[in-house]
């Protein structure tokens, strides 16, 4: 059968049977086969008509070609099989047809991936379920040791992660670089996957990679607040140091991730922990500010670093921010200032530092509340005394 060059096919030297298969015309494809069309002829990319039919989701044509004797597991120039290609594209009818016709469910392509690994990258739960039912090995890894669970976790495919775990996937298996699915989940800011992995028994403080960091280490370095919070609430050690003696706080500070820094402070991290022979997180933060980082940049909730530090009761960080000229009276969207947050925690030292820096003692939040009102409401007599001594209006 002669090849034709079609402009819309990017001059891939396809045959008429290729075109018919891709467009899904089983009647015409059958006629071509009856007239002697070569069903095994490949295009410029090494794809047979069966491959292009599988790629485009044409299940009826796939069945026709397989019944005609076309090799089910023939790879294209990139090493993909029709099954892996259909699995990646979520074509469940094609996947089912190929499996029922005897395609090898665990056959590896040139990069060492299986159809299940392909489906896990695209997040197709239905295809993955079908592959498992036909005997796909859930922990079979790619050439670099990555499993379907790792791909699903990094893609944020929580339903697929649950399916794989329920099918027996190991939560703590490592790839060739020493990373687990929990680490992969920490690369994104999708807390749902991390939470599920922890519920299913993933080791929260497992040391990973060449530097021996934890999932929290990478979440902090990348500024993924939601995942970092999930990990901490799942028991992750916040003052942990990796093989090069770097803590999650130091990583977050070096990367300038204010949201994660605030979270760690809120959770009680040791802000004085040092890199041996080097600096504390506070010193590094100071360098960032000196380098031009905004000391007043609020997070998505409108909380400035000073408000965060005041709410956490961290006097050292409050003092650092004030020395770097943080705006003492900047408020959140509700009109609440750092002073009000410090008062709400009963922290006399922070309250005094803010007042000495010029905090407005009688400033009102949008609901009309003042710092003194908060102190009265919380019953902090020592704070009330300090506020009154600094001009708080009592009437």
(message) As a footprinting exposure proxy, order 220, 184 by other Cβ within 10 Å, with the fewest listed first.
(response) 184, 220
(message) Relative contact order for region 1-103: what percent, with Cα pairs under 8 Å and sequence separation of 6 or more?
(response) 23
(message) Give me 45, 157 sorted ascending by neighbouring Cβ count inside 10 Å, so fewest comes first.
(response) 45, 157
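What number, rounded to the nearest 500 deg cm²/dmol, is the helix-based mean residue ellipticity at 222 nm of the chain, given -39500 (n - 2.57) per DSSP H run of at least four residues and division by all its residues?
Numbers: 23 runs with 190 residues, N = 395.
That calculation yields -13000 deg cm²/dmol at 222 nm.
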(request) Rounded to the nearest 10 degrees, what's the angle between the helix 281-290 long axis and the longest principal axis of the chain, both from Cα atoms, 0 to 90? (result) 90
(message) Among [x] 310; [y] 175; [z] 151, only one was calculated for this model; which label is it, if the read-out is volume of the Cα convex hull per residue in Å³?
(response) [y]
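Would you mind calculating the relative contact order of region 128-221 from Cα pairs under 8 angstrom and at least 6 residues apart, reporting the percent as a whole number? Show your work: numbers first, answer last.
On the way: 134 pairs, mean separation 22.9, N = 94.
RCO, region 128-221: 24 percent.
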(message) Could you work out the relative contact order of the chain? I mean the mean sequence separation of Cα pairs under 8 Å and 6+ apart, divided by the number of residues, in percent.
(response) 6
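I want to verify the translational diffusion coefficient of region 1-103 in µm²/s; compute it with Stokes-Einstein, Rh as the Kirkwood radius over Cα pairs, at 10 °C and 1.306 mPa s.
Values: Rh = 13.1 Å.
Rounded, D is 121 µm²/s.
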(request) Restricting things to alpha carbons, tell me how big region 294-395 is in terms of Rg and Dmax, in Å. (result) 12.2, 38
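Bear in mind these aren't lab numbers, they're just calculated from the coordinates by the rules spelled out. Please read all numbers here as calculations on a predicted model, not as lab measurements. Positions of Cβ are generated from backbone atoms using ideal geometry, with glycine treated the same way; all protein chains shown enter the neighbour counts.
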